[in-house]
Amino acid sequence: MTTLFRTNAQHADFIELVSQLDADLAVRDGRDHAFYHQFNQIDQIKYAVVAYLDDQPCGCGAIKQLDPKTMEVKRMFVKPQHRGKKMAFQILNELEQWAAELGFDRCVLETGYKQPEAISLYEKSGYRIIPNYGQYAGVANSVCFEKRLKE
């Protein structure tokens, strides 16, 4: 059974999962990794979720305030051996619920075209493509999404 635990970016299991995510992204992004990595530091993240299966950390995600009404979804990752079990959906749903509880109206996020499974997750979860925002504006490999939490 999957258990979700709300924490912050200082949690040891979250830090370890993020290091595995960064290693995966370094391969996928290749020469572009340094550009993206600068925007993925976790020191400012106050809201993180770690997923456990049989008491073992298997996945994570986080939200970070972007503006007074918007949370940005960050650091979504599920270990390869646990993919295909709907764990990412559960983590994303928990993050959205948490953002709504905190009074935010929407979530946005950026992912890369080299992460087709992430794009599929977000589309199936009700996110829609929006123009690239902030530091991702004009970045050809980036695709940005939005989901309204309150209708």
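Bear in mind that the values in this text are calculations on the coordinates, not laboratory data. Here the structure is a predicted model, which means the values were calculated and not measured. Quick reminder, even Gly has a Cβ in these numbers, built from the backbone with ideal geometry, and neighbours come from all protein chains shown.
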Legend entry - Low-density loop positions, trypsin sites (Lys or Arg not before Pro), segment 94-151 - DSSP coil, at most 12 other Cβ in 10 Å: 150
Legend entry - Charge dipole (debye, nearest 20) of the chain; +1 at Cβ of Lys and Arg, -1 at Cβ of Asp and Glu: 300
Inset, instruction - Could you please rank 74, 46, placing first whichever residue has the fewest other Cβ atoms within 10 Å of its Cβ? - result: 46, 74
Inset, instruction - Using only alpha carbon pairs under 8 Å that are at least six residues apart, calculate the relative contact order of the chain and give it in whole percent. - result: 19
Legend entry - segment 107-151: chymotrypsin sites (Phe, Trp or Tyr not before Pro) falling in loop per DSSP and having at most 14 other Cβ within 10 Å: 113
Legend entry - Prolate/oblate/rounded call for segment 76-149, Cα gyration tensor, a/c under 1.5 rounded: oblate
Inset, instruction - With a point put 7 Å past each Cα toward its Cβ, work out how far residue 89 is from residue 120 in nm, to one decimal. - result: 1.3
Legend entry - Exposure proxy order (Cβ contacts within 10 Å, fewest to most) of 77, 104: 104, 77
Legend entry - Using θ = phi - 60° and Karplus 6.51 cos²θ - 1.76 cosθ + 1.60, couplings along segment 125-132 (whole Hz; Gly, Pro as x): 8, x, 7, 10, 5, 10, x, 4
